[in-house]
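For reference, the structure discussed in these notes is given below.
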Amino acid sequence: MSTRVRKVANAPVSFGVFELSDAPPPLGADEMVGALSAAGYEGIDLGPAGYLGTSADLVERLDGLLLAGGWADLRYNDAEAFREGLTTLEATLDVFAAAPPAPEHLAPRPTLGCSGSPDRFARPGGSVPGLPSSEWPGYAARVQEAVGRCRERGFEPAFHPHLGTYVETPDDVERLLELTDVELCLDTGHLLLGGGDPVTKLREWAGRVGHVHIKDGDTKILAEALDDGVDLRELMGRGGFASLGEGELDLPGVVAALDEIGYEGWVIVEQDTLPGRRSVAQNIADQAANRQRLRELGL
């Protein structure tokens, strides 16, 4: 078993509770926190604004869990929209500041995401061209500005490459790393379906990996979704992100690579799904099973 200081968290998106859904949450925050605690998780991501609370109610609701991080997406490709979105980032940081205290390496990480590319959202997986070279400097400068905002508030952010966005493929990630000093939130599932090898990239990008989302992916379901002409949202609904061990992720290899690079901090299990596609009981059982699979690998 590794002696590295790591803790394992989960996230509301594993239950179909996330920022891009207009549907009512399929379960309450207290029920989710209770289920994750019972399964042995030590932390949770923030989820949509207000879902877990915002100040004293957040601390009470977490009931011993730590806040691991939280999503903050901005339109880095659009200067005006980026400016308008900074107030949302600041509001997220306000919630982080109200979270229970944690050691520095376990402080909540603002997870910076890109609001998305409509063309890539429609056909996820790296087949659609990304940003033109001429737009990368402005995009990266705005990412760096968001990073600075987080640091001014005492939080070290991590940028999350994600299907359906302008930072989707390994080449996109390389460009971002060249133009900024932001750390990565390496999401194994999005990287796998975006055309990368998570084990190889964990080693290659070791010096920039500051946060880890462990997620499995199924390229066969991705291929079927592309053949059917459905978008990223429907890919999630079809199970493109599988339970750990049921997709193509080399989970033992990922855990071994985390040991090899000396990673310390949060490991957040996610299994992106849509509300209503699976029962609450099934989602709870899946996340308990995911925790057990990691436990069997020494994590």
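The values are calculated or read from the model by the stated rules, or taken from the named source; none is laboratory data. Model, not experiment: these values are computed from the prediction. FYI the Cβ positions are ideal-geometry reconstructions off the backbone, even for glycines, and counts take in every protein chain you see.
For the structure I just gave you, tell me whether Val143 is closer than 19 Å to Ala81 by Cβ, touching a Leu at 6+ places or on another chain (Cβ under 8 Å), of a type outside the set (Ser, Thr, Tyr) and crowded, with 18+ Cβ neighbours inside 10 Å.
yes
Among the listed residues Ala23, Ala9, which satisfies the condition of being within 16 Å of Leu62 (Cβ to Cβ) and of a type outside the set (Ser, Thr, Tyr)?
Result of the check over Ala23, Ala9: Ala9.
In region 113-166, what count of residues is obtained for those that are hydrophobic (A, V, I, L, M, F, W, C), touching a strand residue (DSSP E or B) at 6+ places or on another chain (Cβ under 9 Å) and farther than 30 Å from Gly229 by Cβ?
6
For region 7-17, check the following and say yes or no: at least one residue is over 13 Å from the mean Cα position of the chain (by Cα), of a type outside the set (Gly, Ala, Ser) and at pLDDT below 90.
No: zero hits.
If you check Ala49 against the conditions, is it buried (at least 19 other Cβ atoms within 10 Å of the Cβ) and either under 14 Å from Pro110 (Cα atoms) or of a type in the set (Asp, Glu) (or both)?
Here the answer is no, as Ala49 does not meet what is asked.
Identify all residues within region 72-90 that are hydrophobic (A, V, I, L, M, F, W, C), under 23 Å from His213 (Cβ atoms) and modelled with pLDDT of 95 or more; write none if there are none.
Matches in region 72-90: Leu74, Leu89.
Show me the strands (runs of 3 or more DSSP E) entirely contained within region 29-123 in which 1 or more residues are of a type in the set (Phe, Trp, Tyr).
It comes to 66-74.
For region 124-138, enumerate the residues that are more than 19 Å from Phe159 (Cβ to Cβ) and assigned to a loop (DSSP other than H, G, I, E, B).
Residues satisfying the conditions are Gly125, Ser127, Val128, Pro129, Pro132.
Determine the pairs where a residue that is farther than 16 Å from His190 by Cβ, located within region 117-137, has a partner that is modelled with pLDDT of 95 or more and of a type in the set (Phe, Trp, Tyr) with Cβ atoms under 8 Å apart, the partner being 6 or more residues away or on another chain.
Qualifying pairs under 8 Å: Leu131/Tyr139; Leu131/Tyr166.
Given the structure, is Glu156 surrounded by fewer than 22 Cβ atoms within 10 Å (Cβ to Cβ), over 20 Å from Leu86 (Cα atoms) and without any contact (Cβ under 8 Å) to a residue 60 or more places away in the chain?
No.
Only one of these conditions is not met by Gln282: (1) touching a residue at least 40 places away in the same chain (Cβ under 8 Å); (2) farther than 17 Å from Lys7 by Cα; (3) not β-branched (Val, Ile, Thr). Which number is it?
Gln282 satisfies every listed condition except (1).
I'd like to check something: does region 160-171 contain any residue that is over 23 Å from Gln271 (Cα atoms) and either at pLDDT 95 or above or surrounded by fewer than 18 Cβ atoms within 10 Å (Cβ to Cβ) (or both)?
Yes, that holds for at least one residue.
Could you grab me the full set of residues in region 277-297 that are surrounded by fewer than 17 Cβ atoms within 10 Å (Cβ to Cβ), basic (Lys, Arg) and part of a loop (DSSP other than H, G, I, E, B)?
Scanning region 277-297 gives a single hit, Arg277.
Go through the residues of region 18-38 one by one and say whether even a single one is among the aromatic types (Phe, Trp, Tyr), modelled with pLDDT of 95 or more, surrounded by 19 or more Cβ atoms within 10 Å (Cβ to Cβ) and within 29 Å of Asp216 (Cβ to Cβ).
no
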